[in-house]
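**Q** I have a structure here, written as structure tokens, and I will follow up with some questions on it.
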Amino acid sequence: MPQEEKPIFTVDASGGITILRINGRASYLTSAPVNSLFGHLLERGKCKFIVDFRNCVGMDSTFLGILAGAAMKIRKKGPDGFLELCNLNERNLELVRNLGLHRILTIIQDEKDSKIEGLSTGKSFESVDSRAVAPESVLEAHRNLIDANKSNAAKFEDVIKYLEKETG
């Protein structure tokens with residue numbers, strides 16, 4: 001069985017819109033640095049984000065919880081902010097919709113409708129490295145999913161109970 005390649009996340013925060021590109025799998029292993037990135041950029045006044053999933057092979061609930069948390073924080077910043085997901089494959093789109101996240105962030109199916117148009121060239125990108133997985137971060141992500149959509153509580157009840165014991 002071939003070993004899965006390490007995911008690479010690239011970010012360009014040099015303009016008015018921050019672009020995060022995911023290459024590989026977006027999972028609990030990469031959630032902590034992405035959460036830190038959103039937090040850092042929001043503190044610096046950034047509130048316009050595009051996450052490009054063109055090369056994302058899959059994602060898990062922890063990563064989706066990080067996106068949910070970022071979307072809710074962006075909404076609190078004011079009406080000018082947004083979190084736009086573009087180039088989602090069929091499975092990733094299904095995951096976003098099943099958790100009700102399409103209600104709190106923008107999903108762009110056709111790239112020509114995205115704000116990413118014209119932003120994808122001539123930019124320098126830096127990698128976001130994954131770090132050790134912190135159970136607190138995974139717990140926060142799953143709580144975000146419930147805050148974003150109360151019907152997610154039943155889906156993640158056992159995960160949250162387990163993580164609360166771990167972080168206790």
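**Q** What single numbered condition from (1) more than 12 Å from the chain's Cα centre (by Cα); (2) at pLDDT 90 or above; (3) closer than 20 Å to Ala134 by Cβ fails to hold for Ser61?
**A** The single condition Ser61 does not satisfy is (1).
**Q** Right, here's the next one. Within region 18-47, count every residue that is within 27 Å of Pro79 (Cβ to Cβ) and buried (at least 17 other Cβ atoms within 10 Å of the Cβ).
**A** 13
**Q** With respect to Ala26, determine if the residue is modelled with pLDDT under 90, under 26 Å from Ile160 (Cα atoms) and hydrophobic (A, V, I, L, M, F, W, C).
**A** On the way: modelled with pLDDT under 90: no; under 26 Å from Ile160 (Cα atoms): yes; hydrophobic (A, V, I, L, M, F, W, C): yes.
In short, no.
**Q** Which count do you get for residues in region 58-92 that are surrounded by fewer than 17 Cβ atoms within 10 Å (Cβ to Cβ) and polar (S, T, N, Q)?
**A** Qualifying residue count, region 58-92: 1.
**Q** Looking at Ser31, Ser36, Ser14, which is the one that is among the hydroxyl-bearing types (Ser, Thr, Tyr), in a helix (DSSP H, G or I) and out of contact with any helix residue (DSSP H, G or I) (no Cβ under 6 Å at 6 or more places or on another chain)?
**A** It is Ser36.
**Q** Next up: Determine whether Val96 is modelled with pLDDT of 90 or more, assigned to a helix (DSSP H, G or I) and of a type in the set (Val, Ile, Thr). Step through it out loud before you land on a result.
**A** Details: modelled with pLDDT of 90 or more: yes; assigned to a helix (DSSP H, G or I): yes; of a type in the set (Val, Ile, Thr): yes.
Answer is yes for this residue.
**Q** If a residue must be in contact with a helix residue (DSSP H, G or I) (Cβ under 9 Å, 6 or more places away or on another chain), part of a helix (DSSP H, G or I) and within 22 Å of Thr30 (Cα to Cα), how many such residues does region 55-91 contain?
**A** Residues in region 55-91 being in contact with a helix residue (DSSP H, G or I) (Cβ under 9 Å, 6 or more places away or on another chain), part of a helix (DSSP H, G or I) and within 22 Å of Thr30 (Cα to Cα): 14 in total.
**Q** Of everything in region 112-157, what is at pLDDT 80 or above, more than 18 Å from the chain's Cα centre (by Cα) and more than 19 Å from Ser27 (Cβ to Cβ)? Give them in sequence order.
**A** Result: Lys150, Ser151, Ala153, Ala154, Glu157.
The values are calculated or read from the model by the stated rules, or taken from the named source; none is laboratory data. Predicted model only: the values in this text are computed from it and were never measured. Heads up, the Cβs are rebuilt from the backbone with ideal geometry, glycines too, and the neighbour counts pull from every protein chain shown.
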